[in-house]
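Below you'll find the structure, written out as structure tokens, and then a few comments.
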Amino acid sequence: MTTYAQGTSLWQDARQRLLRNKAAVGSLIFLLLMTIACFLLPLCPFIADPNATDLQHIAAGCSLEHPCGTDQLGRDLLARVLCGGRISLLVGLVATAVSLVLGLVYGLISGYAGGRVDALMMRAVDVLFALPFIVLVIVFSLSIEEPCKELTATVVETTGLARESVAPFLSLVPLFFAIGALGWLTLARMVRTQTMELKSREFVLAARSLGLSHCSILFRHIAPNLLGTVVVYTTLAVPGIMLTESTLSFIGLGVRSPNSSWGTLIKEGADRMELTPQLLIFPSLFFCLTLLALNFLGDGLRDAIDPKSAKD
Amino acid sequence: MLSRLAAWCVSLALGLVVGGCGDSRSSVERATEQGILIVGNGQEPVSLDPHKATAVADGKIITALLEGLVRPDPKDDTGVLPGMAESWERNEDATVWTFRLCEARWSDGRPVTAQDFTYAFRRMLHPSFGGKYAEMLYPLKNAERFNKGECPWEEVGVQTPDAHTLVLTMGGPMPHLLPLLLHFTWCPLPAHHVEAMGGMLDRRSLWMKPENWVGNGAYVLAQHEYNNFLEVRANPLYHRAAQVRNKGVRFLPTVNGYTETRMFFDGKLHITNNVPPEMAAWAAQKAPTEFCNDAYYSTVFYRLNTARPPLNDPRVRRALSLALDREALVRDVVRGVGSPSFAFTPPVSGYAPVVPGWSHGTQEQHLAEARRLLAEAGFPDGRGFPVLELMTTSRDVQRILAECVQAMWKQNLGINVDIRANEWTAYKAAQRSGQYDISASNWSGDYPDPATFVELWRTGGGNNCTAWGDADCDAALSAAAACADPDERLQHLRRAEAVMTEAQPVIPLYHSRRTYLKHRDVSGWFPLMLDNHPFDAIGIRSPHHD
Amino acid sequence: MIKTFLKRLFQGAIVLVVLETITFFLIRVLPGNPFMGDRKLPDHIMEQLNSLYGLDQGAWVQYWHYWQNILLHGDFGPSLVHEGVQVSSIIGQAFPVSLGIGVLAMLLAILLGIPAGMLAAYYRNRRPDALVMLPAMAGICIPAFVVAPVLGLTLGMHVPGLSVAGWDSPLCAVLPALTLGLINAAYLARLTRGGMVEVLGQDFIRTARAKGVRPLRLLFVHALRSGLLPAVTYLGPAFAALITGSFVVETCFQVPGMGLHFVNATTDRDYFLIQGLVLFYGILIVLANLAVDMALVVLNPRLRSSDAA
């Protein structure tokens, strides 16, 4: 989220406009419920252990005991989807935030500075764009393997938490770095293009002639106008990042078996779609509904905070 | 490239216009009409030069293109039929084999001579060529020394008294030599042609490209589009050309078993390479007469790194092995596409499975024994047992199997293992350098003889990778290698395997089976343990010609 | 303009050199080597192979030879795994396939995505907006590895002429192109809508609308230029990525394109092939981004001022 100070009245306006937007409010409630469900429900006794196999009931259909059926090892699908949601939501949030901040700042500076600085920064983006992603990821996962193990050990030691509950989340740390390192490239290019357009606009020229510092022009006057781009990019990037996670867990980075994420569940379901369609349908449903809600909320936020719509 | 693109665009446009109203028959129907067999080959071949090839997919194609001294029996892969050699004899201790070659010609019309065999063997073993599968020829006397540059070629046990006689001198008794000769590494090469295309040691030689191909097999290489298909056509100069039952074979590099199975039902393939376990029941129900489930000379097992504690304790290894319910694994996870076993070497004629004494009894007894052993090793109820890492490849079946094993160990012994999925080369590298705790592995035999499995466990062997070794095992293996009597030789191998399974440096899980689909019009295809089908014996019955 | 263009080309060359250098050293850090195979090769054979391909020399020597071969002989080296095949011939066989599919997919994406995004922006927060954006969001959320088999099992199995997978008739390009086209159309629709919404809120559009300019004219003449900025920025790299193939789509449809090589070459450690592919892709990225930047200047003259700097 970009922060900029224009007095509290704008924020109050924004909140009011947001609350008037039914789709956005509904989405916000849905997302909150989903988060609560994913993080708290698996702790309840009536939800099965997501990793408990039951070879007597493989790929079973929906029943009272297993509301979404079971998977190919007889594990409760609902529990797996909920636990997978924890990982996917976390990845979506953290990795997106990392790439958002990087992309925004990089693009702003590049577009605003122009000239040689811009050329240098954009050619660096070109290099990163063309670097083979898998190679980077493999090198990365190998180099970070040991530190990550140490981190897990330290956390288990200091907090006294059970290893099984900590390890799935800590194994995501390299993933955040990997996605964060490359996920921001498209956004940086988009932000740069728009910054270049904005900086020749009248209000920036005015701010400059008033003697404002570059920093304040960039972050107070140009950045707020990029909100639309950022929102749109986020709704595009989050599903991409959550799915990238699933491809990466197949080469040992990201979520470790037997834990799941929405991406890995959908991938497993897609391979068996003619045999056990429920393995594809339920994870996809959770995934798509969450992203749809995120999309509506993003649009609502954008409409609410947009400085131009304040004139309405 | 531009012209290809232009041609492609034009044909696409035409295709779109003509669309389905042109030829509405499926690929298989059209191929059947032409007498061409379409076969799923699992992957893109690495090379068609028998001295650079190693993959199973390469072997299947090379077998169609080149014929060795003997050729495979379409009904039984422990038997051999005369190939380039019309007859052979051996001396009493099976150290010298004499082959009499038949009158055969290369596809360019030149005769096949004994010198073509020596040329091929020399090229494969040449120290400055780097033949990848050179080890397959090591049974020849001094072959290994020549390969390592320690002796001249003249000392290697290959002689050609005349153009149609080949005498092979072995390093030791080789009563089981004949099935070994089926392997593509023993094929001859057209010496005159390889020489003309750049010479014996020219690694960049293009003699095996479709436009340059010269071979002596039932087929000649017709067309190869990288990652798309490879087609071989019947060789009119083949010495048994009249007996070839089809006009050609098209191999597709079908990597994804799910896609391949769907393609079969869409009429794209006569024979598929692999139906994934989870699709097996569905495919069997959908096409009961076309679904095949054959035994395969291969074992799925877990390597244990015996250099790392606590896996250096045989009691721990035995406990880990006993705690796995193989019946359940095979029934529910692999879906019956395998036979559960405590033995490493799959059964083959004359060699019954070797299982350790402690593996008899019921699953309950196994569990009780496993818990007892673990407690004895200092980890009662799994307390204090370190978290081991179970390394797998990213293949789907492997991963699910690992998840099930992980759950069983946790449930039955109270120990935790982490699963680490590695991409293929990183997995291999970690395994070969001993950078793992437990590694999900499999091994397929190159020839129908238990030695191809048991030899793995020689101390310091290249594919051992478990850091385990035992003098008794090595002694038994050496005794087997020096033994001329076939039955006695198998006894030595059994002894070696018994030592190995007792120590349990690996946990055998099951012997694999192959599940695939075979079109109802295909005839002459029999279940073979090594999957080494001679394609010339396979017929395609066109429904229109009945 | 021409001077900028030449300058950019020169920068592009530097980008490629940096790219190749990083890749060269990065892939040699990966565990394993190109000669792993199913069975372990004896050490002396491994040494023979390494010296045959010059892999036993120092990294810098190898690096120098690599450039020497490219610049002096136009030789991108052999494939180390598929021996006897040149990297250039692998790319030469696979690129036309991916290019064909990619161009078809791109056309579909542009023809479908951009008008849809404009429509949604014009009727923002009203029914047509939802009607367009819901399927678009679905297209963004549903991954290719789901879309591809679904299309294969529905259209491929039942429409005559189309097939589940395989590459034996020109019609086989339809489903892969459709899969990629639909997904990219969804992205383009979302980006176009975002860009247009931004523009339609600006003063000059309000003025035009107040003056009674007709909606179509308003959209196409007044708003489109700035509204397309995000979509066009996305299009450049997306186009480069599309015509170099998609691993998922090529695996699902058994298509012999470039996408397979990017992944297989890496997992096989086929050093020269990886470098060749990266260089090829790098050239496309550089050209695509150059084209985009030129197009942006044409679309929006305000961007020109900084261009001269």
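The listed residues are B:Glu211, B:Glu225, B:Glu135, and the only one of them that is among the charged types (D, E, K, R), within 19 Å of B:Thr54 (Cα to Cα) and modelled with pLDDT under 95 turns out to be B:Glu135.
Would you confirm whether or not the stretch A:250-258 contains a residue that is without any contact (Cβ under 8 Å) to a residue 60 or more places away in the chain and either within 30 Å of A:Glu145 (Cβ to Cβ) or of a type in the set (Phe, Trp, Tyr) (or both)? Among the residues of the stretch A:250-258, at least one is without any contact (Cβ under 8 Å) to a residue 60 or more places away in the chain and either within 30 Å of A:Glu145 (Cβ to Cβ) or of a type in the set (Phe, Trp, Tyr) (or both), which makes the answer yes.
Residue-by-condition table, conditions (1) under 25 Å from A:Phe140 (Cβ atoms); (2) touching a strand residue (DSSP E or B) at 6+ places or on another chain (Cβ under 8 Å); (3) within 14 Å of chain B (Cβ to nearest Cβ); (4) part of a helix (DSSP H, G or I):
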{"position": "C:Thr23", "(1), (2), (3), (4)": "yes, no, no, yes"}
{"position": "C:Met36", "(1), (2), (3), (4)": "yes, no, yes, no"}
{"position": "C:Met46", "(1), (2), (3), (4)": "no, no, yes, yes"}
{"position": "C:Leu49", "(1), (2), (3), (4)": "no, no, yes, yes"}
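Taking the stretch C:61-117 as the range and being over 25 Å from the mean Cα position of the chain (by Cα) and among the small types (Gly, Ala, Ser) as the test, only C:Gly84 passes. Listed by position, the helices (runs of 4 or more DSSP H) inside the stretch C:76-171 whose residues that are more than 9 Å from every other protein chain (Cβ to nearest Cβ) and touching a Phe, Trp or Tyr at 6+ places or on another chain (Cβ under 7 Å) number at least 2 are C:87-122. Assessment of the stretch B:513-520 against the conditions (farther than 24 Å from B:Ser321 by Cβ, surrounded by fewer than 17 Cβ atoms within 10 Å (Cβ to Cβ) and charged (D, E, K, R)) yields at least one matching residue.
Please work out which residue is least open to solvent (accessible area, probe 1.4 Å), limiting yourself to the stretch C:202-242 and to residues that are more than 14 Å from chain A (Cβ to nearest Cβ) and of a type in the set (Val, Ile, Thr). Of everything passing the filter in the stretch C:202-242, C:Val213 is least open to solvent (accessible area, probe 1.4 Å).
All of (1) surrounded by 18 or more Cβ atoms within 10 Å (Cβ to Cβ); (2) within 14 Å of chain C (Cβ to nearest Cβ); (3) in contact with a Pro (Cβ under 6 Å, 6 or more places away or on another chain) hold for A:Leu78 with one exception: (2). The single condition among (1) more than 14 Å from chain C (Cβ to nearest Cβ); (2) aromatic (Phe, Trp, Tyr); (3) not in a loop (DSSP other than H, G, I, E, B) that B:Phe146 does not satisfy is (1). Within the option set C:His158, C:His222, being of a type outside the set (A, V, I, L, M, F, W, C) and out of contact with any helix residue (DSSP H, G or I) (no Cβ under 7 Å at 6 or more places or on another chain) holds for one residue only, C:His158. Regarding B:Leu177, is this residue away from chain C (no Cβ under 14 Å) and either closer than 21 Å to B:Ala480 by Cβ or open to solvent by 10 Å² or more (accessible area, probe 1.4 Å) (or both)? For B:Leu177, the condition - away from chain C (no Cβ under 14 Å) and either closer than 21 Å to B:Ala480 by Cβ or open to solvent by 10 Å² or more (accessible area, probe 1.4 Å) (or both) - is met. For the stretch C:55-66, filtering for residues that are loosely packed, with under 13 Cβ neighbours inside 10 Å and not in a helix (DSSP H, G or I) leaves 1.
Elements of the type strands (runs of 3 or more DSSP E) sitting completely within the stretch B:184-301 and holding at least 2 residues that are within 30 Å of A:Glu268 (Cβ to Cβ): these cover B:248-252. Can you find a residue in the stretch C:201-217 that is under 20 Å from C:Thr179 (Cα atoms) and either in a loop (DSSP other than H, G, I, E, B) or among the hydroxyl-bearing types (Ser, Thr, Tyr) (or both)? Looking through the stretch C:201-217, none of the residues is under 20 Å from C:Thr179 (Cα atoms) and either in a loop (DSSP other than H, G, I, E, B) or among the hydroxyl-bearing types (Ser, Thr, Tyr) (or both). Scanning the stretch B:265-302 for residues that are free of Cβ contacts under 8 Å to residues at least 24 places away in the same chain and buried (at least 20 other Cβ atoms within 10 Å of the Cβ) turns up just one, B:Met279. When C:Met258, C:Met294 are checked against the criterion of being of a type outside the set (Gly, Ala, Ser) and under 30 Å from C:Leu162 (Cα atoms), C:Met258 stands alone in meeting it.
If the requirement is being of a type outside the set (Lys, Arg) and surrounded by 20 or more Cβ atoms within 10 Å (Cβ to Cβ), which of these qualifies: B:Ser27, B:Ser128, B:Ser87? Exactly one residue qualifies, and that residue is B:Ser27. Tell me, which strands (runs of 3 or more DSSP E) lie completely within the stretch B:387-463 with 2 or more residues that are at the interface with chain C (Cβ under 10 Å from one of its Cβ atoms) and at pLDDT 90 or above? Qualifying strands (runs of 3 or more DSSP E): B:438-444.
The values are calculated or read from the model by the stated rules, or taken from the named source; none is laboratory data. Because the structure is a prediction, the values reported are computed rather than measured. Neighbour counts run over all protein chains shown; Cβ positions are idealised from the backbone, glycine included. These area figures cover heavy atoms from the full protein model, side chains too; ligands, DNA and RNA do not enter into them. Shrake-Rupley method; radii C 1.70, N 1.55, O 1.52, S 1.80 Å.
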